[in-house]
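Bear in mind these aren't lab numbers, they're just calculated from the coordinates by the rules spelled out. These numbers were taken from a predicted model, which means no experiment stands behind them. With ideal geometry, Cβ positions are generated from the backbone for all residues, glycine too; neighbour counts draw on all protein chains shown.
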Amino acid sequence: MNFQRFQNIQSRQIMKVPLSRLLVIPLIVFSFQYSYCQGFNDSKTSVSNFLKRMYSTSPFEGVKVIEDYDNNYLISVLSLDKSKYTSQATMNRVAQVKAQQQANTFFNGSFIASEMIIQTNEVKNGESTNSIVQTFETIKENSLGFVKGMELLTTFDIEEGKRMLFIFFKEMKEAKKIENRYE
């Protein structure tokens, strides 16, 4: 009997707590989570703005390692001709695959094979003979590996809107390996 009485007293006390006090704790928890998310987006925005300024100063494509105060980032920069793609989704997918290919070649290297064919033909016109020399060169590059986690950082138009520049990035966890690779 005393136990039931104790439960009734507790439930009445809980009911008397104002609604504002019950909402304070979830509000504090969500505000901390929101502030953490904002900080991450701010760092991506600052890196994006830095790379846009860097590109406008001296245009480049390919793979680079960018260092800021706290992190190292691998970036893959490429541009695509807008007229070659029927939809934005197709262009985005092609850009993603090409960015991963560039990063894969950077990390794992590639095997390059070259072949040159020189073909000579002689054409006779009466008593004169003309020689025609044709040169064909074939270059093949093969790379094997996998790079995961390349995230689209930003895109913007270049060359008066005819091409779109894509910048993909990946935060580097083990920057020491890359630094030692080229020493």
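What relative contact order, as a whole-number percentage, does region 37-123 give when Cα pairs under 8 Å and 6 or more residues apart are counted?
After rounding, I find 19 percent.
For the cross-link pairs K98/K140; K44/K64; K44/K84; K44/K148, which exceed 25 Å when the distance is taken from alpha carbon to alpha carbon? Please list the in-between numbers first.
Working: K98/K140 16 Å; K44/K64 16 Å; K44/K84 30 Å; K44/K148 19 Å.
Flagged as over cut-off: K44/K84.
Can you compute the charge dipole magnitude of region 60-115 about its Cα centre, using +1 on each Lys and Arg Cβ and -1 on each Asp and Glu Cβ, nothing else charged? Give it in debye, rounded to the nearest 20.
340 debye
Taking the Cα-to-Cβ direction at A113 and at L144 and moving 7 Å from each Cα, how far apart do the two end points lie in nm?
With each label placed 7 Å out from Cα toward Cβ, I get 1.3 nm.
Any idea what the dipole of region 77-183 comes to, in debye rounded to 20, about its Cα centre with Lys/Arg Cβ at +1 and Asp/Glu Cβ at -1?
520 debye
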